[in-house]
Amino acid sequence: MAASCTTCCASSPHNPTLTEPCRIPDALIDALRKARHVCVLTGAGISAESGVPTFRDAQTGLWEQYNPQDLATPEAFLRDPELIWRWYRWRRDLVAAVEPNAGHVALARLATLVPRMTLITQNVDGLHQRAGSRDVIEFHGNIFTNRCFVENCIVDCDTSAKVPSCPHCGGHVRPGVVWFGESIPSQALNDSFAAAADCDVFLSIGTSSQVFPAANLAEIARDASAVVVEVNPEPTDLAASIHFAIQARAGAVLPELVDSLAE
Ligand code: OAD
C-alpha cells in the first residue's frame, strides 16, 4: 500500500519507500490539509538527533549494550535498586544536557497548523514539551518523575541520594517510567487508543514498532481508514502495509513536511 515518490526517488514496487532527500508527496500534504484530527506517535528515533541513544539501533542502541531484563523490570529493581537508580540517573543527566531538535520543533509547529493533533510519545525524555508541544501523552512515563516503589504515588525527593526513600512510607523511590511487564498508565492508554481510532492521518515517527501496545496504535488507525505514514531511516515491518513510508531522519523530513503544509 505504501506510495512511491515519482519525483526524486527510485520508484519500484519492491521498494515502496521515499528516501532522503525527498520532496514530500502532494497526496500526503493533501491528506494533512483535509485532516480533522492528526495523531502522532514518536519513539526513540526522534530524539536520536539530539544525542539521546535509541534502544534497538545496531551498535548504538541501549538494548544492544545492556540487557533490558537487568535494568528495566521491577524484578531488576528489587534485586539491585542502587544499580537501577544509578543507570537511570545517568540517562536523566544525559537527557537534561541535550536540546530538542528540528523534528521536535516541527511537531510543535504542526499542532498549530491542523484543527486537532494528539501527540503520543514512547519517550521519557520530555524533549517534546521542551520544544513547545502541549498535552503530550507520555505512554511510558517520564524519567524526571519519581514514584514510590511500594505505593506507586509520585513523590518529591532528593534525587542525589543513592536510592531515595519515599517521604511517606520510607520505601524505595524508583524512576517514573514504565518497565517491561508493567501496565501502561490507564489514561494514557485509553486516550491513545481513542485518538488512533479517531484520527484521519497517523504519523509513526522514529519507532521500531516492536513494543506493544504502542505498536498497535498504527494498526488501529489503519483499520479505521486513516492515512498512515512512517518516518524512519530504516523501514520497519509496518512500512509495507501503510500509505507512505518515508525513509529519512525525522529532523530532516518533519521541518520540510510542516513547511509544505504551511505554504
Ligand atoms: P527503538 O530503539 O526500538 O527504535 C528506534 C527507531 O528509530 C529505529 O527504528 C530507528 O531506525 C529509528 N531512528 C533512528 N534514528 C532516527 C532518526 N533520526 N529519525 C527517525 N527515526 C530514527 O525505540 P522505540 O521504538 O522508541 O520502552 O522503542 C520502544 C520502547 O522500547 C521504548 O519506549 C522503551 C524501549 O524498551 C520502555 O522503556 C518501556
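The values are calculated or read from the model by the stated rules, or taken from the named source; none is laboratory data. Just so you know, these numbers come straight off a predicted model, no measurement behind them. Please note: Cβ atoms are built from the backbone with ideal geometry, for glycine as well, and neighbour counts cover all protein chains shown. To get the accessible areas, we keep the full protein, side chains included, count just its heavy atoms, and leave off ligands, DNA and RNA. Shrake-Rupley method; radii C 1.70, N 1.55, O 1.52, S 1.80 Å.
Under the condition of being of a type in the set (A, V, I, L, M) and more than 13 Å from the ligand (Cβ to nearest atom), the residues counted in the range 64-91 number 2.
Out of all the residues in the range 39-88, which are open to solvent by less than 10 Å² (accessible area, probe 1.4 Å), of a type in the set (S, T, N, Q) and not assigned by TED's automatic domain parsing to the domain that holds Arg249? Scanning the range 39-88 gives a single hit, Thr73. For the range 206-216, the candidate set comprises residues that are open to solvent by 20 Å² or more (accessible area, probe 1.4 Å) and closer than 24 Å to Pro25 by Cβ; within that set, the residue that is farthest from the ligand (Cβ to nearest atom) is Ser209.
The residues in the range 153-164 that are without any contact (Cβ under 8 Å) to a residue 24 or more places away in the chain and open to solvent by 50 Å² or more (accessible area, probe 1.4 Å) can be counted, and the count is 4. The number of residues in the range 110-145 that are charged (D, E, K, R) and within 16 Å of Ile46 (Cβ to Cβ) comes to 3. How many residues are away from the ligand (no atom under 13 Å from the Cβ), in a loop (DSSP other than H, G, I, E, B) and under 23 Å from Cys153 (Cα atoms) if we restrict to the range 126-141? Final tally of qualifying residues: 3.
Taking the conditions exactly as written (within 17 Å of the chain's Cα centre (by Cα) and either acidic (Asp, Glu) or not assigned by TED's automatic domain parsing to the domain that holds Leu32 (or both)), does Glu256 satisfy them or not? No; evaluated as a whole, the condition is false for this residue.
Conditions (1) within 15 Å of the ligand (Cβ to nearest atom); (2) aromatic (Phe, Trp, Tyr), marked per residue:
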{"residue": "Ala195", "(1), (2)": "no, no"}
{"residue": "Ser204", "(1), (2)": "yes, no"}
{"residue": "Ala218", "(1), (2)": "yes, no"}
{"residue": "Pro233", "(1), (2)": "yes, no"}
{"residue": "Thr236", "(1), (2)": "yes, no"}
{"residue": "Phe244", "(1), (2)": "yes, yes"}
{"residue": "Glu263", "(1), (2)": "no, no"}
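Taking the criterion of being within 9 Å of the ligand (Cβ to nearest atom) and in contact with a Leu (Cβ under 7 Å, 6 or more places away or on another chain), the residues of the range 42-63 that qualify are Ser47, Pro53, Phe55. What pairs come up if the first residue lies in the range 213-237 and is modelled with pLDDT under 95, the second is of a type in the set (Asp, Glu) and part of a helix (DSSP H, G or I), and their beta carbons are under 6 Å apart, counting only those six or more places apart or on different chains? Qualifying pairs under 6 Å: none. I'd like to check something: does the range 125-139 contain any residue that is open to solvent by 70 Å² or more (accessible area, probe 1.4 Å), at pLDDT 95 or above and in contact with a Phe, Trp or Tyr (Cβ under 9 Å, 6 or more places away or on another chain)? Among the residues of the range 125-139, not one is open to solvent by 70 Å² or more (accessible area, probe 1.4 Å), at pLDDT 95 or above and in contact with a Phe, Trp or Tyr (Cβ under 9 Å, 6 or more places away or on another chain), which makes the answer no. Between Ala106, Ala31, Ala111, the distinction of being over 19 Å from His140 (Cα atoms), crowded, with 17+ Cβ neighbours inside 10 Å and free of Cβ contacts under 8 Å to residues at least 24 places away in the same chain belongs to Ala111 only. For Ala245, state whether it is in contact with an Asp or Glu (Cβ under 7 Å, 6 or more places away or on another chain) and under 30 Å from Ala58 (Cα atoms). When the stated conditions are applied, Ala245 passes them. Kindly establish whether Val201 is open to solvent by 30 Å² or more (accessible area, probe 1.4 Å), in the same structural domain as Gly45 (by TED's automatic domain parsing) and touching a residue at least 40 places away in the same chain (Cβ under 8 Å). No: the conditions fail for Val201.
Considering the range 228-246, and only residues there that are among the β-branched types (Val, Ile, Thr) and crowded, with 23+ Cβ neighbours inside 10 Å, the residue that is farthest from Gly181 (Cα to Cα) turns out to be Ile246. If you go through the range 142-164 and pick out every residue that is away from the ligand (no atom under 13 Å from the Cβ) and not in a loop (DSSP other than H, G, I, E, B), you end up with 6. Starting from residues that are in contact (Cβ under 8 Å) with a residue 60 or more places away in the chain and in a loop (DSSP other than H, G, I, E, B), keep the ones in the range 165-190 and report whichever is least open to solvent (accessible area, probe 1.4 Å). In this case the residue turns out to be Trp179.
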